[in-house]
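Report on the structure given below.
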Amino acid sequence: MTLHLGERTVYYLKALLETSRDAIAVINREGEVLFWNKGAERTYNIRHDEIVGKKIKHFFREEDLKVLQMLETEQPVRDVYHRPRPDKHVMINSSPVYDAEGRLIGALSIEQDITHTVKLNEELSVASSELHQLKHQVYRKQLDSPFSKIKGKSAAIQQTVQLAMKAAKTDATVLIFGESGVGKELFAQAIHETSLRNEKPFIPINCGAIPHALFESELFGYERGAYTGAAKEGKPGKIELADGGTLFLDEIGELPLEMQVKLLRVLQENEVYRIGGTTPKRVNVRVIAATNRNLEKMVEEGSFRSDLFYRLNVVSLPIPSLRERIEDIPELVRFFLHELSIKYQKPMPSISADAMHVFLEYDWPGNIRELRNIVERVMILAEGGEIKPSELRHFFPKRMAVKKSKGEASLAEEKTMLEKERIEAALKKTYGNKSAAAKMLGISRATLYQKIKKYGIAVEKP
């Protein structure tokens, strides 16, 4: 290649090309390499004296050479991603070279090595994908967790869930306290399904629904020919059926005293005698009991054995009433509406803010069971696409309206008083720490400030 430049100018041009860290190559019209800088040596690990004067296609696959393609197209390339070798990624800028008469005499390419950046990006993509999969797995695990069936984000219910999850990891006997309808069996099932016994039976028995005369045969079973009318082959009791798994004794306070003695023996000795049997059967059963009664008071009155009470009350799990977690009501209402819309194959109605306020006004003596029943009634009978307060009050018990007619404080005022008391209690527990109180109440700090101002609550400095 003949250059019509002064000798000094050629040296300056060469120094300029060598200064660049990018790979710079110049080829002639026949594809022979005329210039190969140190950047090109580093990028492709090919020495200057190895390649200059030789055809470039002898060192690369011809289809991977953009600079050769330019000799055919004469179209410059600007900032194009290129992969001249399987292990190299570059950004290429390339131009055709013409002589003074405008004839094509060769081409020049400048290639920036971005291999390291590409590999980092690939690693980041892989890591991001793995992180996404991990997050998805965690999310699915949370969704699939038995405790995900327990709805609500209030501090009251979340504290109970955390305690139940700890109990689930052990084999300890659990005694669940709570009003009717708070979901005691739901907690018992979640504890069982989270425990190491989850592949074994969960056997529930409602002690308040069994006639006293049938208690013993239901719990302990009977041997063949134990009494007239008994099955010829005998029958295992609920305790035997729960072997290896969990026996859930709901309404344990209704268990007759004579059965309490026998149940205590099973818990202490891990043995059960069927009616009419003389040989004990070994059982490995975890017992979860539940009650809506005050067992301590029953112990004092002599209607419940103290030794059984202490044997059952290893882990005490109090379930809050709906009144203690009113902030969960909107979530529960929407959850039940969605669930029941599927059940009855009806469009899920929306619910106005005023209608939701009616739900929040009510004191829910029947707790979540009553809430679900009312939502089901609304789902079946309400008309239109939106639930409004005018039609909603007809679904509530009459005593809700009677309560107003007696000249007592309105339900809205009662709700306000209750909310104020809850905020004051939370601030007291956290010694005036607003962030901690807001977290306990399940609201934002800004909302807490607004309510403190609204109710004129005095806050002690932490």
Query raised in the report: When you scan the range 27-54, how many residues do you find that are of a type outside the set (Asp, Glu), farther than 20 Å from Met70 by Cβ and assigned to a helix (DSSP H, G or I)?
Result: 3
Query raised in the report: Does the range 129-150 contain at least one residue that is at pLDDT 80 or above and β-branched (Val, Ile, Thr)?
Result: yes
Query raised in the report: Considering only the range 356-373, how many residues are surrounded by fewer than 20 Cβ atoms within 10 Å (Cβ to Cβ) and among the aliphatic types (A, V, I, L, M)?
Result: 2
Query - Cβ pairs under 7 Å, 6+ apart, first in the range 104-116 and closer than 13 Å to Asn37 by Cα and touching a residue at least 24 places away in the same chain (Cβ under 8 Å), second among the β-branched types (Val, Ile, Thr) and open to solvent by 30 Å² or more (accessible area, probe 1.4 Å) - result: Leu108/Val97
Requested in this report: Search the range 283-312 for residues being of a type in the set (Val, Ile, Thr) and in contact (Cβ under 8 Å) with a residue 24 or more places away in the chain, and hand back the single one that is surrounded by the most Cβ atoms within 10 Å (Cβ to Cβ).
Outcome: Ile288
**Report entry** Yes/no for Glu254 being within 22 Å of Val174 (Cα to Cα), open to solvent by 60 Å² or more (accessible area, probe 1.4 Å) and touching a Cys at 6+ places or on another chain (Cβ under 8 Å)
**Finding:** yes
Query raised in the report: of a type in the set (Val, Ile, Thr) and open to solvent by 50 Å² or more (accessible area, probe 1.4 Å) - does that describe any residue in the range 25-44?
Result: no
Query raised in the report: Say we look at the range 377-393 and pick out the residues that are modelled with pLDDT of 80 or more and not β-branched (Val, Ile, Thr); which of these is least open to solvent (accessible area, probe 1.4 Å)?
Result: Met379
Query - Number of the exception - Gly253 against (1) small (Gly, Ala, Ser); (2) touching a strand residue (DSSP E or B) at 6+ places or on another chain (Cβ under 7 Å); (3) touching a residue at least 60 places away in the same chain (Cβ under 8 Å) - result: (3)
Query - Number of positions in the range 58-86 that are assigned to a helix (DSSP H, G or I) and open to solvent by 90 Å² or more (accessible area, probe 1.4 Å) - result: 4
Report summary line: Quick count over the range 87-116, residues being in a loop (DSSP other than H, G, I, E, B) and touching a Leu at 6+ places or on another chain (Cβ under 7 Å), is 0
**Report entry** Boolean, Phe396 is modelled with pLDDT of 85 or more and surrounded by 12 or more Cβ atoms within 10 Å (Cβ to Cβ)
**Finding:** no
Report task. Would you point out which residue out of Glu254, Glu233, Glu327 is among the acidic types (Asp, Glu) and within 28 Å of Ala155 (Cα to Cα)? Result -> Glu327
Report summary line: Over the range 49-61, the set of residues at pLDDT 85 or above and in contact with a strand residue (DSSP E or B) (Cβ under 8 Å, 6 or more places away or on another chain) is Ile51, Val52, Gly53, Lys54, Lys55, Ile56
Query raised in the report: Quick check: is even one residue across the range 271-294 part of a helix (DSSP H, G or I) and out of contact with any strand residue (DSSP E or B) (no Cβ under 8 Å at 6 or more places or on another chain)?
Result: no
Query - Number of the exception - Val315 against (1) closer than 22 Å to Ala164 by Cβ; (2) exposed (fewer than 14 other Cβ atoms within 10 Å of the Cβ) - result: (2)
**Report entry** Criterion: touching a residue at least 24 places away in the same chain (Cβ under 8 Å) and of a type in the set (Asp, Glu) - qualifying residue of Glu62, Glu74
**Finding:** Glu74
Report task. Please enumerate the residues belonging to the range 150-167 that are open to solvent by less than 70 Å² (accessible area, probe 1.4 Å) and in contact with an Asp or Glu (Cβ under 8 Å, 6 or more places away or on another chain). Result -> Lys151, Gly152, Ser154, Ala156, Ile157
Query raised in the report: Hey, among the residues in the range 336-355 that are over 26 Å from the mean Cα position of the chain (by Cα) and part of a helix (DSSP H, G or I), which one's surrounded by the fewest Cβ atoms within 10 Å (Cβ to Cβ)?
Result: Ala353
Query raised in the report: Any residue at all in the range 229-248 that is within 24 Å of Ala167 (Cα to Cα), in contact (Cβ under 8 Å) with a residue 40 or more places away in the chain and in contact with a His (Cβ under 6 Å, 6 or more places away or on another chain)?
Result: yes
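The values are calculated or read from the model by the stated rules, or taken from the named source; none is laboratory data. Treat the numbers as computed from the prediction; the structure is a model and nothing was measured. With ideal geometry, Cβ positions are generated from the backbone for all residues, glycine too; neighbour counts draw on all protein chains shown. Ligands, DNA and RNA are excluded from the accessible area calculation, which covers all protein heavy atoms including side chains. Shrake-Rupley method; radii C 1.70, N 1.55, O 1.52, S 1.80 Å.
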